[in-house]
1. Among ASN204, ASN181, ASN98, which one shows the highest mean-square fluctuation when the chain is modelled as a Gaussian network with alpha-carbon springs under 10 Å?
2. Using a cut-off of 14 Å between beta-carbons, work out the net charge of the residues near ASN46 (Lys and Arg +1, Asp and Glu -1, ASN46 not included).
3. In deg cm²/dmol and to the nearest 500, what is the mean residue ellipticity at 222 nm of the chain if only DSSP H runs of at least 4 residues count, each as -39500 (n - 2.57), divided by the residue total?
4. Taking the Cβ of THR72 as the center, what net charge do the other residues with Cβ under 12 Å away carry, scoring Lys and Arg +1 and Asp and Glu -1?
5. For the chain, calculate the relative contact order in percent as a whole number, restricting contacts to Cα pairs under 8 Å that are 6 or more residues apart.
6. Just order 182-189, 143-150 by mean Cβ neighbour count inside 10 Å, highest at the front, would you?
7. For a quick check, take a GNM of the chain with Cα springs below 10 Å and name the residue from LYS99, LYS118, LYS54 with the largest mean-square fluctuation.
8. Just to confirm a number: summing +1 for Lys and Arg and -1 for Asp and Glu over residues other than ILE10 whose beta-carbon lies under 14 angstrom from that of ILE10, what do you get?
Amino acid sequence: MSIKDNLQRILAPLPSTVTLVAVTKTHPVEKLQELYDTGHRQFGENKVQEMVEKYEALPKDIQWHLIGHLQTNKVKYIAPFVSLIHSVDSLKLLQEINKQGLKHNRIIPCLLQVYLAKEETKFGMDEAELQGVLAPGVLHQLAHVQIRGLMGMASNTDNREQIRQEFHTLKTLFDSYKQTNLKNARMEILSMGMSSDYELAIQNGSTMIRVGSAIFGNRA
Ligand SMILES: *Cc1c(COP(=O)(O)O)cnc(C)c1O
């Protein structure tokens, strides 16, 4: 199957409320250009350096999503062009994104990553940390970021019921913040679901899926 066929197969049944981010990590720019030529513009990368190199090599109307763990000292490299950072997992990181947004005279859209999986290796905030960030007194000092929603990754397991429960937990949390009406926080985007579980994620309220291998095949 070609990239175009795979993309079509995923997009055709997708509800209009759901955005597909094509996860292009590890793939060469030729493959990304092939995706671009189908008309797709939402690209996701998990590493800063790789994203910067691809940004420089490819057309400038691509919307770049940073989906992987972001170190504070690397924010400056993506701040000029990133279109959504999915992986904000601390107030300290958000403060640095704000600082870089100010420097580049832009407001950087962000999602707060929530810790869902019962695995030690996954990043994200717990509910208390989330509440600490989504507080008026904290956020109004950060005029160069805009919180657009939440992101989460389910456990890497074959247990569908566990995955469903994790997505449901995140959706419930997302809904509990829906009323949040701060100038720079509007809960509109719920980023959850990858190749193996995006259908389950959509059934549980996802509005943005991050899909790599179902488009490009397995990574080397
Ligand atoms: C790699 C990655 C994906 C996509 O994974 P696939 O299984 O290839 O669809 C989604 N989200 C994050 C955060 C990733 O790192």
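FYI, it's all coordinate maths here, none of it is from the lab. Everything numeric in this text was worked out from a predicted model, so none of it was measured. Cβ coordinates were reconstructed from backbone atoms using ideal geometry, including for glycine residues, and neighbour counts include every protein chain displayed.
1. ASN181
2. Working: positive: LYS25, LYS47, LYS54, LYS74, LYS122, ARG210, ARG219; negative: GLU45, GLU50, GLU53, ASP89.
After counting each charged neighbour, the total is +3.
3. One gets -10500 deg cm²/dmol as the mean residue ellipticity at 222 nm.
4. +2
5. Relative contact order for the chain comes out at 19 percent.
6. The most tightly packed comes first, giving 143-150, 182-189.
7. Taking springs between Cα atoms under 10 Å, the residue moving most is LYS118.
8. Values: positive: LYS4, ARG9, ARG210; negative: ASP5, ASP197, GLU199.
Here the charged neighbours net out to 0.
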